[in-house]
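Colleague: Before I ask anything, here is the structure I am working with.
The values are calculated or read from the model by the stated rules, or taken from the named source; none is laboratory data. All of these numbers come straight from a predicted model, not from anything done at the bench. Note that we place each Cβ from the backbone using ideal geometry, even for glycine, and neighbour counts take in every protein chain shown. Ligands, DNA and RNA are excluded from the accessible area calculation, which covers all protein heavy atoms including side chains. Shrake-Rupley method; radii C 1.70, N 1.55, O 1.52, S 1.80 Å.
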Amino acid sequence: LKEIKKIAAETIERVDKLTAEEQEQKQNLVRVSSNFADYSEDKIKECYERVKDVQIDLNVAREKEHVLRQQRDQLELRLRSLKHTLEKAESLTMAIGSVLGFLSKQLSGVMWQLESAQKNHNLGAAMIKAQEDERLRVSRELHDGAAQDIANLIFQSSIIEKTIDIDPDEAKH
């Protein structure tokens with residue numbers, strides 16, 4: 001864009017100089033044409049040729065100026081569009097960064113909750129196992145102790161039953 005602006009400025013300056021030169025050559029042609037008798041045919045033809053050459057150079061320079069202005073305008077529009085796209089991209093990048101930060105925090109919270117739930121699950125399983133172990137221990141104790149006590153009572157009853165007929169005092173004792 002800078003290069004095109006530089007070339008365009010140089011071309012505009014050249015157009016201005018050629019425009020001034022064209023006016024000067026036209027005035028010279030008018031002077032020569034009005035004093036037709038004072039100048040030779042070659043001199044008049046030379047004046048016409050100079051005007052024509054300057055006009056051709058001027059038209060070429062104007063066309064070049066026109067093309068350069070169009071290129072400059074297109075580049076400026078494209079540059080503005082790219083700046084706008086860049087601003088949107090930066091804004092979007094910031095938004096995505098914020099969302100990623102938020103999601104990262106939320107993910108950390110979820111991971112903490114999962115770890116907590118896993119610990120609670122493990123603790124619950126350990127508590128259930130401990131309860132089952134205790135229930136089994138109590139069950140064994142009840143079974144072993146009560147069964148022995150009942151067997152002992154049955155044994156003592158049978159002894160008392162047999163002794164009652166022989167020695168009632170001993171049976172009472």
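Colleague: Could you tell me which numbered condition Glu87 fails, if it satisfies all but one of (1) over 30 Å from Ile4 (Cβ atoms); (2) open to solvent by 70 Å² or more (accessible area, probe 1.4 Å)?
Modeller: (1)
Colleague: Give me the pairs: first residue in the range 57-82 and closer than 10 Å to Val15 by Cα, second residue open to solvent by 100 Å² or more (accessible area, probe 1.4 Å) and part of a helix (DSSP H, G or I), beta-carbon distance under 8 Å, and six or more apart or on different chains, which are they?
Modeller: Ala61/Arg14
Colleague: Before we move on, is Ser98 modelled with pLDDT of 85 or more and either within 30 Å of Ala171 (Cα to Cα) or loosely packed, with under 10 Cβ neighbours inside 10 Å (or both)?
Modeller: Answer is no for this residue.
Colleague: In the range 122-148, how many are of a type outside the set (A, V, I, L, M), open to solvent by 100 Å² or more (accessible area, probe 1.4 Å) and either at pLDDT 85 or above or under 26 Å from Lys172 (Cβ atoms) (or both)?
Modeller: Looking only at that region, the number is 3.
Colleague: Could you run through the range 60-104 and say how many residues are under 17 Å from the mean Cα position of the chain (by Cα) and basic (Lys, Arg)?
Modeller: 1
Colleague: Here is a follow-up. What single numbered condition from (1) open to solvent by less than 70 Å² (accessible area, probe 1.4 Å); (2) over 30 Å from Lys5 (Cα atoms); (3) of a type in the set (A, V, I, L, M, F, W, C); (4) modelled with pLDDT of 85 or more fails to hold for Leu103?
Modeller: (1)
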